[in-house]
Amino acid sequence: MSLIVFDLDGTLVDSRLDLAESTNEMLGTYGATPLPVDAVAAMVGEGAKVLVARALEAAGLDADVFDALTRFREIYDRRLLVHTRPYEGIEAVVSGLAEGHTLAVLTNKPEAPSRRLLDAFGLAPHFQEVIGGDSGPARKPDPGGLHLLMKQCGVEFSDTWLVGDSMIDVETARRAGVKMCVALYGFGQLRGELVLDGREITVNTASEIPAALGIVPR
C-alpha cells in the first residue's frame, strides 16, 4: 500500500480566481488598483502571509503586512467557495486511489479553510490526514510535514508519492526523499521557476495521475 500525498491549491482544486479576487479586494481597501489574476496566482504557494506581502509590494503599498493579512483572511473566508472547484476528474481519481492506498493532504494553506474545501466537495472522506500551513510542522518546502505523514501512516520512503503543481512541492519531495508527480495543469508554474531534473513524473490532466503513479484502477 502506498501513501499518496496531495497538495491542495493548483492540484486538487482550482482556487486561482478566488485567491486573486480576494487579494485584489484586500488591495482595494488601501486604494490600490487590482493586479492581474495570473500575477496574483503566481504569488500563491508559500502561505497567506507571503502572498499578502508579495501583493502589497507588487501594488506599491507600504501597508502593515499583519493588518493586510487580517483583511485578506476575512475576505477570503467569505469568498472561499465562490469560484473554486475541483479540477476535472479529481473526484474520480481520489476516490479510486483511496480504495487501495492511503491518501493525505499537505498544503501551506491554513488547515481550517483547507478542510472546508475538502468537505464542500465531498473529498474529505478519502483523506486520512490533512496538514495545513498552521498545523504544526514547518511549511513546505521543509520536509517535516511529509515525514510526519509517513510516520503516522507507517509508510516507507519508497512507497510515498507527493502530487503537487509547484517548485515548492518538487523541493519538498526532493528534501523528503520521496517520489514526485507534477501536476502541470495547475498554476504553480506561473512564476517560471519550475525546473525538473528527470526524477519527477509529470501529468497534463488529473485523470493521468493513477497511471503516472503506476497504479492500475481496480
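See the values below:
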{"read-out": "Scan of the range 73-85 for residues that are more than 16 Å from V37 (Cβ to Cβ) and touching a Leu at 6+ places or on another chain (Cβ under 8 Å), ordered by number", "value": "L80, L81"}
{"read-out": "Residue that is farthest from P86 (Cα to Cα) [pool: residues in the range 201-211 that are of a type outside the set (V, I, T) and surrounded by fewer than 18 Cβ atoms within 10 Å (Cβ to Cβ)]", "value": "A211"}
{"read-out": "Qualifying positions in the range 189-200 - of a type in the set (A, V, I, L, M, F, W, C) and exposed (fewer than 14 other Cβ atoms within 10 Å of the Cβ)", "value": "V195, L196"}
{"read-out": "Selected residue (only one of G136, G60, G122 is under 16 Å from V13 (Cα atoms), in a loop (DSSP other than H, G, I, E, B) and free of Cβ contacts under 8 Å to residues at least 60 places away in the same chain)", "value": "G122"}
{"read-out": "Extreme residue, surrounded by the fewest Cβ atoms within 10 Å (Cβ to Cβ), among residues of the range 1-32 that are acidic (D, E) and within 30 Å of T102 (Cβ to Cβ)", "value": "D14"}
{"read-out": "Verdict on T11 being in a loop (DSSP other than H, G, I, E, B), within 23 Å of G164 (Cα to Cα), under 22 Å from the mean Cα position of the chain (by Cα) and of a type in the set (S, T, Y)", "value": "yes"}
{"read-out": "Filtered residues of the range 178-199 (kept if more than 13 Å from L8 (Cβ to Cβ), at pLDDT 95 or above and either outside any loop (DSSP other than H, G, I, E, B) or among the small types (G, A, S) (or both))", "value": "K179, M180, C181, V182"}
{"read-out": "Some residue of the range 67-79 being in a loop (DSSP other than H, G, I, E, B) and either modelled with pLDDT under 95 or surrounded by 15 or more Cβ atoms within 10 Å (Cβ to Cβ) (or both)", "value": "no"}
{"read-out": "For E88: the one exception among (1) more than 22 Å from A206 (Cβ to Cβ); (2) acidic (D, E); (3) under 18 Å from the mean Cα position of the chain (by Cα)", "value": "(1)"}
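The values are calculated or read from the model by the stated rules, or taken from the named source; none is laboratory data. Here the structure is a predicted model, which is why all the values come from computation and not from measurement. Counting neighbours? That spans all protein chains shown, and the Cβs are built from the backbone with ideal geometry, glycine included.
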